[in-house]
2 protein chains.
Amino acid sequence: MGSLEQAPVRIYDTTCRDGTQGEGISLSVDDKLKITRLLDELGVQYVEGGWPGSNPKDADYFRRVRDLPLAHARITAFGSTCRVGSRPEEDVNIQALLSAETPVVTVVGKSSVAHVLDVLRTTLEENLRMIRESLAYLRARGREVIFDAEHFFDGYKADSEYALRTLGAAVDAGADTVVLCDTNGGSVPWEIEAITDEARKLLPAGVSMGIHAHNDGGLALANSLAAVREGANHVQGTVNGYGERCGNADLCALIPNLDLKMGMAVLPWDQLARLTRLARTVAAIVNQPLSCQAPYVGKSAFTHKAGMHVSAMRRNPQSYQHLDPALVGNRSRVIVSELSGRGNLESKAEEIGIKNLEQGDLPGVVQQVKELEHQGFSFEGADASVEMLLHRAQTDYHPPFEMLDFMVVVEHRKGQGVFAQAMIKVRVGGEIFHSAADGNGPVNALDRALRKALMPVYPHLSGFDLADYKVHILNGERGTKATTRVLVDMQNATRRWTTVGASANIIEASWMALADAVEYGLAAVGAE
Amino acid sequence: MGSLEQAPVRIYDTTCRDGTQGEGISLSVDDKLKITRLLDELGVQYVEGGWPGSNPKDADYFRRVRDLPLAHARITAFGSTCRVGSRPEEDVNIQALLSAETPVVTVVGKSSVAHVLDVLRTTLEENLRMIRESLAYLRARGREVIFDAEHFFDGYKADSEYALRTLGAAVDAGADTVVLCDTNGGSVPWEIEAITDEARKLLPAGVSMGIHAHNDGGLALANSLAAVREGANHVQGTVNGYGERCGNADLCALIPNLDLKMGMAVLPWDQLARLTRLARTVAAIVNQPLSCQAPYVGKSAFTHKAGMHVSAMRRNPQSYQHLDPALVGNRSRVIVSELSGRGNLESKAEEIGIKNLEQGDLPGVVQQVKELEHQGFSFEGADASVEMLLHRAQTDYHPPFEMLDFMVVVEHRKGQGVFAQAMIKVRVGGEIFHSAADGNGPVNALDRALRKALMPVYPHLSGFDLADYKVHILNGERGTKATTRVLVDMQNATRRWTTVGASANIIEASWMALADAVEYGLAAVGAE
């Protein structure tokens, strides 16, 4: 599975293009390259990277994506047909598509009479010419060509004959795949079924049929599955359903439904179990919390709260879940206070080789985790902070440094800009080190002052980089009085570790995470 | 519409019972009474208030709900059949159901052989007896009786004959409605269709058939609609789809689909337009942010970002939305972002009634938006900051204050804790105001110092609250040198507005958003 030829249905991801039309979604070129790599690893067959004609960022992506070694994904560039009255060879959009140098291009054209007349303001024949000439031009230049028939279903409902003629024009021009789009997302599954069936009758055997569904009626997923049942073998969607208005079909629900409910394994062997991780990583990249309730991949997707359900699950693990969460890389959770913790901490201590932890110390650490989580810490993902709690519980642990005081000043003077400075006082062994540094923000200044203070004793600190810094505001309804959680990623040449801090004061929360990260680096990573 | 007799499909809400099984959802008795009243006003036919046998909170609800004057909703109490080996007259659960004194009771019983054998650990005949006797007992005491056939679809797939016999037992006992439950949420629409069709053939004409779908496959909505097409005239769900694991069928998507897509008006005349407000009020009550992407009722459900879409909408308002948002009480919004063009700003200027903007000013504002977004601002959602750009482009705009200097100090002294203070200097008219304040963090201190400085001139500032404060770290790979984007929500009694700031310095970014929010409040909202 996974290659174009073998998959019963090909998955086409448009997170980097249609996904970015979602409110609050904005991706840098680096973000898009990261997402592309993740999708390729998962085994997705097509990755639509952007619209090279629309902005310079996307053109940059297409230059850089050529250097990515991809195992499964074909990169595709998106654009519209040539404009009214223009020829492909002189059309900016079409030329931008070519210059993206992708193996595949996806061209969107209008299939609805109303849109041709009201929005394009041209004749029905001219629209057919634009489709035909644009596709034929790109096909002749060696591209695999996908035609997105915009508003196909709405167009069909108003004038079926013309909607089908636009598909015919694409086929005549040599399109490899024709995609039926429910652009406004308002169709219902039985309409999709009936109309897709009509389209299938018209398409020659060699041409693939695709579906592109939006979720305005809450039915993008059901509509996509309905189209597959009527013969669509190409499905477009986005990770976590990002997209304009109510979003696109959610690939994280679509892929397991195809595989586990319809028996169509669309990913390479064993990759489905990476789905939950992909969903959460992409959510972190777009910086939007993934809905806990997200089917298959959400944090609550296999979480049991009702006492009756929990006791039934003890008798039969599958009694209140539709499948084994491990299939999609998720896990069952039971919400019962105080249950988590000890078992997890025990295995963590074993994992990092802490042996001289007395049995009696463990409940103390469990208690500490609970209290800190109550304050706003979250140790999920902040493994290094968990390990530091365990290290500190050992009687023979000697911290590499001890923080005494810090002070941060941020000053803005009209006409002179903004300045940030930090002073810091630490003790190493018996000695006090007092240092100061400036930075382009308060946390950067703190980071620099801390390194400056410690570097004489721990010169290998210069090999540690702050790789990531994230801020979450908890209980946001309390405005600037809310609790702030900070996650810091630090790395050296061989390892990367995450720590957490939380406080009503964002500087203090940052300091906690930063100090933990440096301490972990010195105590547990060392000068590897 | 709205009464039981006239509605083609009856809506059964279980937000107060099954909804509270969702992770993080907990409702007080007052919350439940508020939600009951809102659902009644909307015209929902059944409101399931709780499980009187399971906890004292629910028993209290049933006592208090009797005093609510309800126009449409019948209150129903939920419980399970009598226990294995027990008679209804001696069963605690059944007696609790009776003592709730509701006109309707809903009794859940098992329809799956595996659950009878593995979970109940009794015989198949005993389970049928429990169903029959429990329902007959309640029916004989004047209750309208609804039978929830738990795991009906999974049970049917494993042993269709037995699953149907459980329905038969309910019918024999006089059940008014038999509800087919996809308890684990793993069924697909074509299964629901086929199995519902079989159930319908068995049920006598006077018995209603219902559907209760969970969303584990992402298909609760489609499954509910499929059952309605096969004859179900009773649909269970929750507001915003709250519920265990991935939730229940979302009534806020279900109701408009039934009405606007299937022509089944299930609410009283004119009530559909209150749906968005209901969804948001209930979200506030359960204290969970409503997904922006929620179909029909989400903030982004009719929001347009792509420049191409916005310009098409100016030619035809319905070109990129499936229906008029006013039908469900929502509205269209246009987002101004780097992806959008001049048209979006023009629409925004019209929306807020700015007329004395010279034609030449608009490209300047577009350019400003692009440059600021390049620096890390994001105007999506930060409508108030966009409006401030437009206001400032007017030659006759006079800012209510001018910021000169600020200074923030955060200090940590070992053993004494952490302190935050801010000093601020602003000019109002010709006068300089210089103030200082402390806070529990640097941004809180800045906020307090700014208010302190401006309050003598603008006393209505005391009516403005900081409602939300969000931080996004952009290009996180640069560690603490990364750009920080801050979004601030401010509100007074009648309005709420959002502003944005961005800088490598988190304090400066926060300051920008904060100052914009206060300026917008003073300039555009005023002392309403």
Ratio to report: Rg/Rh of chain B, with Cα atoms as the point set and Rh obtained by the Kirkwood method; give two decimals. 1.08
Would you mind listing the distances between the B:ARG427 label point and the same position in each other copy? Use 7 Å along Cα-to-C-beta, nm, one decimal, shortest first. 5.0
For helix A:442-454, what angle does its Cα long axis make with the longest principal axis of chain A, in degrees from 0 to 90 and rounded to 10? 50
Measure nothing fancy, just the Cα-based angle from helix B:160-172's long axis to the longest principal axis of chain B, in degrees from 0 to 90, nearest 10. 80
Rounded, prolate or oblate: which fits the range A:376-474, taking a ≥ b ≥ c as square roots of the Cα gyration tensor eigenvalues, rounded meaning a/c under 1.5, else prolate when a/b beats b/c? oblate
From the label point of A:LEU202, set 7 Å along Cα to the beta carbon, how far off in nm is each other copy's matching point, shortest first? 4.4
Per-residue accessible area for B:LEU70 at 1.4 Å probe radius, Å² rounded to 10? 50
Sorted by accessible area with a 1.4 angstrom probe, largest first, how do B:ARG245, B:ARG10, A:ARG200 fall? A:ARG200, B:ARG10, B:ARG245
B:LYS201: which lysines have alpha carbons under 27 Å from its alpha carbon, excluding same-chain residues fewer than 8 sequence positions away? A:LYS261, B:LYS110, B:LYS157, B:LYS261
Relative contact order of chain A (C-alpha contacts under 8 Å, at least 6 apart) in percent is 9
If ligands, DNA and RNA are left out, what is the accessible area of B:TRP190 with a 1.4 Å probe, given in Å² to the nearest 10? 60
Can you give the average number of partner chain beta-carbon atoms within 10 Å of each beta-carbon in peptide B:429-441, as a whole number? 2
Could you give me the ³J(HN,Hα) list for the range B:410-420, computed from phi with Karplus coefficients 6.51, -1.76, 1.60 and θ = phi - 60°, whole Hz, x at Gly and Pro? 10, 10, 10, 10, 3, x, 10, x, 10, 10, 10
Descending principal axes extents, the range B:402-525, alpha-carbon based, whole Å: 40, 32, 27
Which of B:GLU144, B:GLU89 is most accessible, then next, and so on - probe 1.4 Å: B:GLU89, B:GLU144
MRE, 222 nm, helices only [DSSP H, n ≥ 4, -39500 (n - 2.57), over chain B, to nearest 500]: -10500 deg cm²/dmol
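Which shape class, rounded, prolate or oblate, goes with the range B:155-312 when its Cα gyration tensor gives a ≥ b ≥ c as root eigenvalues, a/c under 1.5 marks rounded, and past that a/b bigger than b/c marks prolate?
Since a/c reaches 1.5 and a/b is larger than b/c, the shape of the range B:155-312 is classed as prolate.
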Less than 13 Å Cβ to Cβ from B:PRO204, Lys/Arg counted +1 and Asp/Glu -1: what total charge do the surrounding residues give? 0
Take every residue in peptide B:413-426, count the Cβ atoms of other chains within 10 Å of its Cβ, and give the average of those counts. 3
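Want the number for A:LYS452 to A:GLN416: 0.36 nm per residue separation, take away the alpha-carbon distance, what's left?
Contour length minus Cα-Cα distance gives 10.3 nm.
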Helix B:342-351 against the longest principal axis of chain B: what's the angle in degrees, Cα atoms only, rounded to the nearest 10? 80
Working from the pairwise distances between different alpha carbons, so that the mean of 1/r is found and then inverted, what is the protein assembly as shown's Kirkwood radius in Å? 31.1
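Give the relative contact order (percent, whole number) for the range A:10-286; include only Cα pairs under 8 Å separated by 6+ residues.
19
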Calc'd 3J(HN,Hα), the range A:14-31, phi into Karplus 6.51 cos²θ - 1.76 cosθ + 1.60 (θ = phi - 60°), Hz, glycine/Pro = x, comes to 10, 4, 6, 10, 5, x, 6, 7, x, 5, x, 9, 9, 10, 6, 4, 4, 4
Ignoring everything but the protein chains, give the 1.4 Å probe accessible area of B:ASP60 in square angstrom, nearest 10. 50
Just tell me which lysines come within less than 17 Å, Cα to Cα, of B:LYS299; anything on the same chain fewer than 8 places away is out. B:LYS348
Suppose accessible area is computed on protein heavy atoms with a 1.4 Å probe; arrange B:LYS305, A:LYS57, B:LYS110 from highest to lowest. A:LYS57, B:LYS110, B:LYS305
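How would you classify the range A:10-286 from its alpha-carbon gyration tensor, with a ≥ b ≥ c the square roots of the eigenvalues: rounded for a/c under 1.5, else prolate if a/b is greater than b/c, otherwise oblate?
Oblate.
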Eligible aspartates and glutamates near A:LYS452 by straight Cα distance, threshold 16 Å, same-chain separation 8 or greater: A:GLU402, A:ASP405, A:GLU431, A:ASP438, A:ASP465, A:GLU519
At A:LYS370, label 7 Å along Cα→Cβ: distances to the other copies, nm, ascending? 5.8
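The values are calculated or read from the model by the stated rules, or taken from the named source; none is laboratory data. Computed from a prediction, not measured in an experiment: that's the story for all the values here. Don't worry about glycine lacking a Cβ; one is built from the backbone with ideal geometry, like all the others, and counts go over all protein chains shown. Accessible surface areas use protein heavy atoms only, side chains included; no ligands, DNA or RNA. Shrake-Rupley method; radii C 1.70, N 1.55, O 1.52, S 1.80 Å.
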